[in-house]
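Q: Structure below; questions to follow.
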Amino acid sequence: MVVVPYGRALLRWAAHHVLVLSHLPPARRRLVLGLGALLAAGLAAVLAVAALMSLRARSVEVVDQARPGPVLLVPGYGGSVASLSSLARFLRASGRDVTVVSLPDRALGDLADQSRVLATVVDAVLERTGAGSVDVVGYSAGGVVARLWVTEEGGATQVRRLVTLGSPNQGTELADLGSLVQGTCPVACQQLSPSSPVLARLNAEPLPRGPAYLSLWTTQDDVVVPPDSAVIPGTPSPSLQSICADSRLRHSGLPDDRLVQRLVAEALGPGPVPGWGPGDCTRLRS
């Protein structure tokens with residue numbers, strides 16, 4: 001980086017000219033010193049930005065993409081761990097260490113609080129297994145919780161792959177309908193509205209670089225409305241129908257579906273996340 005040598009040269013120049021300044025008239029001296037102060041402030045800003053960029057660049061390469069870690073499954077709104085039991089069994093049968101996260105208050109409370117619980121569970125799993133990173137699958141609202149963990153709780157340095165499954169990444173209109181009936185839309189429901197400040201904050205910036213991301217969804221989703229609200233801009237977000245055009249799978253059936261389970265397993269494999277197409281449908285369903 002050329003900034004540091006330039007800064008040293010500037011300091012040598014300043015030292016060399018201290019004696020020259022002492023011979024200037026007072027008014028001229030004040031002008032020169034003022035310009036020097038502005039230049040020094042500008043240099044400090046450049047150095048600060050360079051240091052920040054250097055730190056960010058180092059954090060990008062923390063997670064080794066070639067080494068799959070333990071898997072954490074994050075349930076959706078309502079917090080049902082049973083909804084993920086079939087997917088957990090499928091991944092365990094392939095040899096993966098799988099933890100289904102239990103979220104507080106049946107996952108009806110603040111999504112940010114849920115993301116902090118996820119952070120605690122990740123730390124415990126990493127300590128138990130000695131792994132360098134984890135793979136995370138967030139089902140439904142669990143995908144939003146996982147994204148909050150990645151962006152706001154330091155998860156980007158701990159996660160290798162993050163898959164959201166039928167997640168209202170851009171919100172769901174059902175949350176707006178729930179808000180119309182007093183008492184039927186808890187905090188998490190309100191935060192899943194398309195106009196939610198939480199989602200606006202979450203979607204204001206791209207996901208942190210480093211981990212690999214994937215959003216899987218179905219065009220037949222009856223909970224994420226409209227279904228393409230599951231798409232994360234700038235992130236691979238294939239619908240099931242882009243792979244198997246005849247799929248009629250709805251929201252609640254996603255974790256139990258064999259096609260979905262195989263897509264998730266392949267996405268969490270040691271190689272790059274595949275780019276599936278119609279030619280893969282028969283293989284994935286067999």
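The values are calculated or read from the model by the stated rules, or taken from the named source; none is laboratory data. Treat the numbers as computed from the prediction; the structure is a model and nothing was measured. Every residue, glycine as well, gets a Cβ built from its backbone with ideal geometry; the counts of neighbours run over all protein chains shown. Side chains included, ligands, DNA and RNA excluded: accessible areas come from the protein's heavy atoms. Shrake-Rupley method; radii C 1.70, N 1.55, O 1.52, S 1.80 Å.
Q: Identify all residues within segment 208-261 that are more than 22 Å from the chain's Cα centre (by Cα), of a type in the set (D, E, K, R) and either buried (at least 16 other Cβ atoms within 10 Å of the Cβ) or more than 21 Å from residue 72 (Cβ to Cβ) (or both); write none if there are none.
A: 221, 222, 246, 248, 250, 257, 258
Q: While we're looking at this one, here's another question. Of everything in segment 108-140, what is more than 13 Å from residue 73 (Cβ to Cβ) and among the aliphatic types (A, V, I, L, M)? Give them in sequence order.
A: 108, 111, 112, 117, 119, 124, 126, 131
Q: Residue 151 - would you say it is of a type in the set (Ser, Thr, Tyr) and surrounded by fewer than 20 Cβ atoms within 10 Å (Cβ to Cβ)?
A: yes
Q: Yes or no: residue 280 surrounded by fewer than 18 Cβ atoms within 10 Å (Cβ to Cβ), touching a residue at least 24 places away in the same chain (Cβ under 8 Å) and outside any loop (DSSP other than H, G, I, E, B)?
A: For residue 280, the condition - surrounded by fewer than 18 Cβ atoms within 10 Å (Cβ to Cβ), touching a residue at least 24 places away in the same chain (Cβ under 8 Å) and outside any loop (DSSP other than H, G, I, E, B) - is met.
Q: Something else: Restricting attention to segment 117-133, and to residues there that are open to solvent by 30 Å² or more (accessible area, probe 1.4 Å) and small (Gly, Ala, Ser), which single residue is nearest to the chain's Cα centre (by Cα)?
A: 132
Q: Determine if segment 142-153 includes at least one residue that is touching a Gly at 6+ places or on another chain (Cβ under 9 Å), β-branched (Val, Ile, Thr) and touching a residue at least 60 places away in the same chain (Cβ under 8 Å).
A: Checked segment 142-153: at least one residue is touching a Gly at 6+ places or on another chain (Cβ under 9 Å), β-branched (Val, Ile, Thr) and touching a residue at least 60 places away in the same chain (Cβ under 8 Å).
Yes/no matrix, rows are residues, columns are (1) of a type outside the set (Phe, Trp, Tyr); (2) open to solvent by 30 Å² or more (accessible area, probe 1.4 Å); (3) part of a helix (DSSP H, G or I):
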{"position": "105", "(1), (2), (3)": "yes, yes, yes"}
{"position": "109", "(1), (2), (3)": "yes, no, no"}
{"position": "112", "(1), (2), (3)": "yes, no, yes"}
{"position": "115", "(1), (2), (3)": "yes, no, yes"}
{"position": "135", "(1), (2), (3)": "yes, no, no"}
{"position": "143", "(1), (2), (3)": "yes, no, yes"}
{"position": "162", "(1), (2), (3)": "yes, no, no"}
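Q: Just one of 163, 144 is touching a strand residue (DSSP E or B) at 6+ places or on another chain (Cβ under 6 Å) and closer than 16 Å to residue 232 by Cα; which is it?
A: 163
Q: Separate question: Take the conditions under 29 Å from residue 67 (Cα atoms) and among the small types (Gly, Ala, Ser) and apply them to residue 196. Does it pass?
A: Answer is no for this residue.
Q: Looking at 270, 255, 233, which is the one that is at pLDDT below 95 and of a type outside the set (A, V, I, L, M, F, W, C)?
A: 233 is the lone residue from the list that is at pLDDT below 95 and of a type outside the set (A, V, I, L, M, F, W, C).
Q: While we're looking at this one, here's another question. Could you list, in sequence order, all residues of segment 164-207 that are polar (S, T, N, Q), open to solvent by 40 Å² or more (accessible area, probe 1.4 Å) and within 30 Å of residue 258 (Cα to Cα)?
A: Once the filter is applied, which keeps residues that are polar (S, T, N, Q), open to solvent by 40 Å² or more (accessible area, probe 1.4 Å) and within 30 Å of residue 258 (Cα to Cα), segment 164-207 yields only 170.
Q: Hey, does segment 173-185 have a residue that's under 26 Å from residue 274 (Cα atoms) and in a loop (DSSP other than H, G, I, E, B)?
A: Within segment 173-185, none of the residues are under 26 Å from residue 274 (Cα atoms) and in a loop (DSSP other than H, G, I, E, B).
Q: For segment 76-102, which residues satisfy the criterion of being part of a loop (DSSP other than H, G, I, E, B) and open to solvent by 10 Å² or more (accessible area, probe 1.4 Å)?
A: Within segment 76-102, 77, 78, 79, 80, 81, 94, 95, 96, 97, 102 meet the criteria.
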